[in-house]
Amino acid sequence: MKKILNPWIGVEGYNCFGCSPDNPVGVKMEFFEDGDDVVSFWKPQPQFQGWVKTLHGGIQSVLLDEICAWVVVCKMQTCGMTAKMETRFQHSISTDDSQLTLRAHLVEIKRNIAIIEATIADSTGQICTRAVCSYFTFPQEWAMKEFHFNPCKLEDKE
């Protein structure tokens, strides 16, 4: 498993709620490539709760949407926008959990629409939430011009 280097680090105005390490209220996700999957490890925090000690469903959706976006970034070498997201909340997630594992992979490409499946598992490995996202993807040249996209690279060390 290799860390995916964030191509927007250092871009003026970059403050993504999902992946910017400098957004003080963001979730600060990092991503790794594991074969066909993109993986992220994330620790729930109390400020992201809905019910007492329960991770808010909106935050779960943010996490799933973000990892799906990074499948487009890493596996398709471009960027895009969420067109549709279907989320199934199967088990609650405690904000006291030590670490969540998010995993996503590309299922299908239909012209410029990427279909991506993603899951959130708790620290016991139980799948708590599933999502299927449809992403409208941009041609790489346009993404580079309009969204400051740079081709995705992996860290050299394991």
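The values are calculated or read from the model by the stated rules, or taken from the named source; none is laboratory data. The model shown is predicted, which means the values in this text are computed figures rather than measured ones. Don't worry about glycine lacking a Cβ; one is built from the backbone with ideal geometry, like all the others, and counts go over all protein chains shown.
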(Q) The conditions are (1) without any contact (Cβ under 8 Å) to a residue 60 or more places away in the chain; (2) more than 14 Å from Val132 (Cβ to Cβ), and Lys84 fails exactly one of them. Which is it? (A) (2)
Q.
Just to verify a result, which residue in the stretch 1-32, among those that are out of contact with any His (no Cβ under 7 Å at 6 or more places or on another chain), β-branched (Val, Ile, Thr) and over 20 Å from His105 (Cα atoms), is modelled with the lowest pLDDT?
A. Ile9
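Of everything in the stretch 87-120, what is assigned to a strand (DSSP E or B), more than 15 Å from the chain's Cα centre (by Cα) and not hydroxyl-bearing (Ser, Thr, Tyr)? Give them in sequence order. Quick ask: steps written out before the conclusion?
Pass one, the stretch 87-120, residues assigned to a strand (DSSP E or B): 87-89, 94, 100-110, 113-120.
Now drop any that are not more than 15 Å from the chain's Cα centre (by Cα), which leaves 88-89, 94, 107-110, 113.
Residues satisfying the conditions are Arg88, Phe89, Val107, Glu108, Ile109, Lys110, Ile113.
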Q: Would you please name the residue that is nearest to Thr124 (Cα to Cα), looking only at residues in the stretch 95-104 that are surrounded by 15 or more Cβ atoms within 10 Å (Cβ to Cβ) and among the polar types (S, T, N, Q)?
A: Thr101
Q: Only residues in the stretch 137-158 that are β-branched (Val, Ile, Thr) count as the first member; pair them with residues that are outside any helix (DSSP H, G or I), Cβ under 7 angstrom, at least 6 apart or cross-chain, and list the lot.
A: Thr137/Met76; Thr137/Thr78; Thr137/Gly80; Thr137/Asn112; Thr137/Ala114
**Q.** Among the residues listed as Val25, Val52, Val62, the single one being of a type in the set (A, V, I, L, M, F, W, C) and in contact (Cβ under 8 Å) with a residue 12 or more places away in the chain
**A.** Val62
**Q.** Output for the stretch 1-21, where each listed residue is among the aliphatic types (A, V, I, L, M) and in contact (Cβ under 8 Å) with a residue 24 or more places away in the chain
**A.** Met1, Ile4, Leu5, Val11
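Confirm whether Cys128 is surrounded by 15 or more Cβ atoms within 10 Å (Cβ to Cβ) and more than 13 Å from the chain's Cα centre (by Cα).
It is true that Cys128 is surrounded by 15 or more Cβ atoms within 10 Å (Cβ to Cβ) and more than 13 Å from the chain's Cα centre (by Cα).
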